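Everything on this sheet refers to the single structure shown next.
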Amino acid sequence: MMLGLFRENTKIAFSSIKGQLLRTILTVLIIGIGIWALVGILAAVTVLESTVTGNFASMGANTFTISRYDFSEQLGRNSNEAKINPIISYPQAREFKDKYGFPGSAVSLSFTAAGNAEVKHEGKKTDPEITILGADENFLPNSGLETTKGRNFNSFDISNNNYVCILGSDFEKGLFKDINPIDKIVSIRGAKFRVIGVLKEKGSTFGSRQDLRLIVPIQVARSLFTAPNIDYEVRVMVNNKDFLDPAVDDAILAMRRVRKLNPVEEENFGIERSDELIQTLLSQTEALGIAAWVIGIITVFGSSIALMNIMLVSVTERTREIGVRKSLGAKRSTIAMQFFTETLIISLLGGAVGLLLGLLTGYGASLIFGVPFPMPWLAISAALITIIIVTLFSGSYPAVKASKLDPVEALRYE
């Protein structure tokens, strides 16, 4: 019986919606925009968090980086407050590696040799968008990178300055499409390198395409790409994350000696722990989540008022109909449920539109960042809760008002 009553109320609700189509469409759009703002931003934040954790967590919780600046500190500063640190030169990086002797640690040195290089193979060439890195044999494991084909550099490659290279995965989509690149020869600035490995796909991080990289031995890169003020990066991995704190402390002391800092001077370099960097970056996304809730609540509040208004107008316009139904024996609960069902349908339509647009926004963000789209269950739950709140807030008063109308007075209404 209840199912039949609900089916009948639904038919009446759709009939009423068709009778006031323009107002209903506007109300659905208002609700949809509110849900879109909420779901879209939360879905985009989920994608951003997935990008951050996917790219930095792969380094593991037992690594840290010594660089010119502490990226996590620079995030919270404006340009006027930014501290200017001297570069980490190759002699300094080399001296640190020679002096740092924490048990069970591995140190790698690297630098960006070129940012817009062109790579050739036989008659084909890439666009001038390849990033060339100079690195040693420890760079890949310390950076959370691994090869899908071939191998990493070994100590013999580095010490003998062999002209070998490791390619990013995008080379297999372009220069070496349908070709196994291992043992093939590529040309960079006239120098020929034998390909010994291909990296596992990493995607993009903050707009940087990590799969368009080519890595060569560090000394070879230094001889081919000479430029003033080259900044080097030092990565350290310890074999046990429980020893990370003392390893970082030892690294700070060693780098202070390399930089010739006296005891009262501040560090003029940055230490970035992989675990702390992830948390710092994720904390930056919390503001976006809060913004999503604020925007969503404000918009949904407005849509709730609009929906309540359209339902009150509907009650007024259908006063005589309510009187007829009551005179034929309709109960107050039946009348109330009829208008509440109509409110629920409009809310669901608006929620469906907003949820679809929000998920498309999140999917678009995943395409931009080049990561798989993680289903934003929090955003979907928030949308469902919002729909329920809007329905209860907007539908209760008009439904109760309709159910309390006096049948005699309602029949007299013109």
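The values are calculated or read from the model by the stated rules, or taken from the named source; none is laboratory data. This structure is a prediction, so every number in the text was calculated from the model and none was measured. Positions of Cβ are backbone-derived with ideal geometry, glycine not excepted, and every protein chain shown enters the neighbour counts. Side chains included, ligands, DNA and RNA excluded: accessible areas come from the protein's heavy atoms. Shrake-Rupley method; radii C 1.70, N 1.55, O 1.52, S 1.80 Å.
Structural remarks
- Only one entry in Ile185, Ile179, Ile196 is surrounded by 16 or more Cβ atoms within 10 Å (Cβ to Cβ) and either of a type outside the set (D, E, K, R) or closer than 13 Å to Lys149 by Cα (or both), namely Ile196.
- Leu145 being in contact (Cβ under 8 Å) with a residue 40 or more places away in the chain, assigned to a loop (DSSP other than H, G, I, E, B), on the phi < 0 side of the Ramachandran plot and open to solvent by 10 Å² or more (accessible area, probe 1.4 Å): yes
- Screening Gly168 with (1) surrounded by 20 or more Cβ atoms within 10 Å (Cβ to Cβ); (2) among the small types (Gly, Ala, Ser); (3) modelled with pLDDT under 90 gives one miss only, at (3).
- Only listed residue being open to solvent by 20 Å² or more (accessible area, probe 1.4 Å) and not in a helix (DSSP H, G or I), chosen from Glu266, Glu321: Glu266
- Which numbered condition Lys83 fails, given (1) at pLDDT below 85; (2) of a type outside the set (Ser, Thr, Tyr); (3) open to solvent by 20 Å² or more (accessible area, probe 1.4 Å); (4) closer than 28 Å to Leu140 by Cα: (4)
- The stretch 232-248, subset in a helix (DSSP H, G or I) and open to solvent by 90 Å² or more (accessible area, probe 1.4 Å), residue modelled with the highest pLDDT: Phe243
- Selection count where residues are touching a residue at least 40 places away in the same chain (Cβ under 8 Å) and open to solvent by 10 Å² or more (accessible area, probe 1.4 Å), scope the stretch 122-138: 7
- Test: residue in the stretch 218-230 that is touching a Ser or Thr at 6+ places or on another chain (Cβ under 6 Å) and modelled with pLDDT under 95: no
- Members of the stretch 370-406 that are more than 23 Å from Ser314 (Cα to Cα), of a type in the set (A, V, I, L, M, F, W, C) and open to solvent by 10 Å² or more (accessible area, probe 1.4 Å): Val371, Phe373, Met375, Trp377, Leu378, Ile380, Leu384, Ile385
- In this structure, Phe269 does not satisfy being of a type in the set (Phe, Trp, Tyr) and either at pLDDT below 80 or in contact with a Gly (Cβ under 6 Å, 6 or more places away or on another chain) (or both).
- Test for Leu38: is it at pLDDT 90 or above and surrounded by 16 or more Cβ atoms within 10 Å (Cβ to Cβ): no
- Only one entry in Ile305, Ile310 is assigned to a helix (DSSP H, G or I) and closer than 16 Å to Ile12 by Cβ, namely Ile310.
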